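First up is the structure itself, then whatever we jot down about it.
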């Protein structure tokens, strides 16, 4: 097989024992890679209904078929486990250099089960896979750990995916960090590593990656590179970067501000992409095989945090900026740097702090809880201090480290009404009240509040649909978006070049790399299969229609000002959207894939999970 | 042509973004597979912001040639390219150690010294890393041109400073 490494690695963490299995062509074609492989492996390797911190919860690293080739943005990798935030599907994607290295080491999939007896890291050195002592690394930041592992192993080109104190402390928004500023940020997968006593996965890969049609791929890449490095469809990412969204969304009254109290921010200019680039961006870097490069590295030029460097995209900027009422970018940069070093999700961190600020202003928590911090909206120093307290679980940070859902349930007294999450996962940077197609996408997203599983804000913001209205057809739009993104996440391609790809082109590069016959139509079907597979997984873990919800603020507090003034999503509207979406999907009113749909997608093996027959309970398992 | 006129591939650290496309392309051009260990150009990233590709600079009096105990390495008078006599080379790696830029390595299959040949095997003689670099950070240039540019840059800085002083 070309493109694919052709092997699955299983690691038993308590003993360090390993075994490999070949990756079959049938499996590869049916589930493509990344998310398809991840969801499938989780379904087949995880006991239904277990606690995410149970050692039996497998942690799975996966690369796509393109990783390690010159196909643009192919350096990505992904991780999967049952999420400690949502108790549903945990999945995340990162870029940098790690993914290509893992492919060269000779694996498409790495399944890690159990718990290391003592703090350890896994060293995958081509065919040699061993657990290494990490007692000297426990308690160290992600940056220190990466440097120490390279030093210990004596090879600068070793790539490391690592947790910081956040993961060690089982912070439910803990991330996995690689190449210093790249993160598998969402759904708390860093905490799964922490629960496994697994400080890092270090990889050295020396194998060749072959492709089926070298000349065809080269020709195709030449076209893609030209479009990505000079074309109009990627220009935003090459120039201002995603922080360009700040002013766009502020003008559209879709910028979540002060814990969703508002959708416009009076300080937007000062945290805009324009301002950031003029005052802080010193270098734009690229990931492996990316001709577009978008990593805007920002450095604080003066003051107490002088020299602090962090990569700042829109989402963390929104969360640590407007969402906390903060218009001081140095506060955003410093807090983001701490998130990367301690290994916690910068989006989740900002959303949690915004929630805590509202609790503080409402008197639900006070300075005794915060360790003396004046946790008011806009206090940028407080944001930085709270970031540290969450990662280290100090003072109220211990409670906030559980995420807004659990924290609000504990704090009570009405705080649940302003906890901004879906399925326990904190919201991201689009105010859903006036983006109703997008709201549906968020409500049904398989990993909780998320723009990255559908990107449906595009329809609303482009004016292609009336964003303040719900109507028949939105379900189909979201469905198509999701299935498309399922393929992006399986090949694994960066969505920043999404405008260059359709299913035919995806099938073309898949053929060029792997040599496996594939049509655009088959690719489309695979996208639908993967999205349905995720639904099956979540249903197995207990998901019902009521879990496809929106945060209370989105449904009860109309946008107070701006062009979207008065807009919100009523229960009736949400129900209408869900009905439309389930119908488009061929699911029941309860959001369950029908038997016909499962048959059509070749997922018959999972029939019994979603259509339980009392006499048969066992599910297929490897 | 004087040796100073020899052209080599030089990277501009201000432009290089560390995407490693040059590595992918070099390995692919030479061996039709992807593997940075087969690349004659290698990228170094130093956190947080330094990125640079490094390859053979066609030194005057190249230390790799001097170091070779088997006289397997020679420098072309005409092009400045380091030629490896694969029959003589036994992959001992003295040249690897001698090179100040890490621009020579040992080929993983052939086990002989491997160094940039400016894609001279190609009919068009165009170095593919230069052709593919999306940032135009790589160029085929020589020391005279680089020196000229250094002079111009520094004088322009003086000019700019003088103008700013006048105006503000």
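The values are calculated or read from the model by the stated rules, or taken from the named source; none is laboratory data. What you see is a predicted model; the values in this text were computed from it and never measured. Every residue, glycine among them, receives a Cβ derived from its backbone with ideal geometry; neighbour counts consider all protein chains shown.
Side notes on the structure shown:
- Some residue of the range A:43-65 being surrounded by 24 or more Cβ atoms within 10 Å (Cβ to Cβ), out of contact with any strand residue (DSSP E or B) (no Cβ under 7 Å at 6 or more places or on another chain), at pLDDT 95 or above and assigned to a loop (DSSP other than H, G, I, E, B): yes
- Restricting the search to helices (runs of 4 or more DSSP H) fully inside the range A:519-589 and requiring at least 3 residues that are touching a strand residue (DSSP E or B) at 6+ places or on another chain (Cβ under 9 Å) gives A:520-540.
- Selection count, the range A:283-300, where residues are more than 9 Å from every other protein chain (Cβ to nearest Cβ) and outside any strand (DSSP E or B): 2
- Qualifying residue in the range A:339-359 (condition: within 14 Å of chain B (Cβ to nearest Cβ), in contact with a helix residue (DSSP H, G or I) (Cβ under 7 Å, 6 or more places away or on another chain), modelled with pLDDT of 95 or more and not in a loop (DSSP other than H, G, I, E, B)): yes
- Checking residue A:101 against (1) in a loop (DSSP other than H, G, I, E, B); (2) touching a strand residue (DSSP E or B) at 6+ places or on another chain (Cβ under 7 Å); (3) within 14 Å of chain B (Cβ to nearest Cβ), the condition it does not meet: (1)
- When residues in the range A:308-330 are screened for being more than 12 Å from residue A:280 (Cβ to Cβ) and either outside any loop (DSSP other than H, G, I, E, B) or within 12 Å of chain B (Cβ to nearest Cβ) (or both), 9 of them pass.
- Residues satisfying the stated conditions in the range A:230-268, i.e. closer than 19 Å to residue A:456 by Cβ and modelled with pLDDT under 95: A:233, A:236
- Residue within the range B:15-36 that is more than 9 Å from chain A (Cβ to nearest Cβ), at pLDDT 95 or above, farther than 15 Å from residue B:128 by Cβ and assigned to a strand (DSSP E or B) present: no
- The helices (runs of 4 or more DSSP H) found entirely in the range A:105-205 that carry 2 or more residues being surrounded by fewer than 22 Cβ atoms within 10 Å (Cβ to Cβ) and either away from chain B (no Cβ under 14 Å) or at pLDDT 95 or above (or both) are A:142-153.
- Taking the range A:412-442 as the range and being more than 15 Å from the chain's Cα centre (by Cα), part of a loop (DSSP other than H, G, I, E, B) and surrounded by fewer than 24 Cβ atoms within 10 Å (Cβ to Cβ) as the test, the residues that pass are A:412, A:413, A:414.
- Test: residue in the range A:110-118 that is in contact with a strand residue (DSSP E or B) (Cβ under 9 Å, 6 or more places away or on another chain) and within 17 Å of residue A:178 (Cα to Cα): yes
- Selected residue [more than 21 Å from residue A:62 (Cα to Cα) and within 18 Å of the chain's Cα centre (by Cα)] from A:456, A:462, A:445: A:456
- Counting residues in the range B:42-61 that are surrounded by 14 or more Cβ atoms within 10 Å (Cβ to Cβ), in contact with a helix residue (DSSP H, G or I) (Cβ under 7 Å, 6 or more places away or on another chain) and more than 14 Å from chain A (Cβ to nearest Cβ) gives zero.
- Some residue of the range A:342-360 being crowded, with 24+ Cβ neighbours inside 10 Å, over 24 Å from residue A:416 (Cβ atoms) and out of contact with any strand residue (DSSP E or B) (no Cβ under 8 Å at 6 or more places or on another chain): yes
- Residue in the range A:16-32 that is away from every other protein chain (no Cβ under 14 Å), under 21 Å from the mean Cα position of the chain (by Cα), at pLDDT 95 or above and closer than 17 Å to residue A:532 by Cα present: yes
- Residue check, residue A:280 away from chain B (no Cβ under 14 Å) and in contact with a strand residue (DSSP E or B) (Cβ under 7 Å, 6 or more places away or on another chain): no
- Residue in the range A:488-495 that is on the phi > 0 side of the Ramachandran plot and either under 24 Å from the mean Cα position of the chain (by Cα) or modelled with pLDDT under 95 (or both) present: no
- If you go through the range B:113-133 and pick out every residue that is within 13 Å of chain A (Cβ to nearest Cβ) and either within 13 Å of the chain's Cα centre (by Cα) or surrounded by fewer than 21 Cβ atoms within 10 Å (Cβ to Cβ) (or both), you end up with 3.
- The single residue among A:241, A:231, A:273, A:303 that is more than 10 Å from chain B (Cβ to nearest Cβ), in contact (Cβ under 8 Å) with a residue 40 or more places away in the chain and surrounded by fewer than 18 Cβ atoms within 10 Å (Cβ to Cβ) turns out to be A:231.
- Residue check, residue A:454 on the phi < 0 side of the Ramachandran plot and part of a helix (DSSP H, G or I): no
- In a residue-by-residue description of the range B:56-70, the property of being in contact (Cβ under 8 Å) with a residue 60 or more places away in the chain and within 15 Å of the chain's Cα centre (by Cα) applies to at least one position.
- Of the residues making up the range A:452-467, those that are closer than 25 Å to residue A:173 by Cα and touching a helix residue (DSSP H, G or I) at 6+ places or on another chain (Cβ under 6 Å) are A:453, A:454, A:455, A:456, A:457.
- Conditions (1) in a loop (DSSP other than H, G, I, E, B); (2) at pLDDT below 95; number of the one not met by residue A:469: (2)
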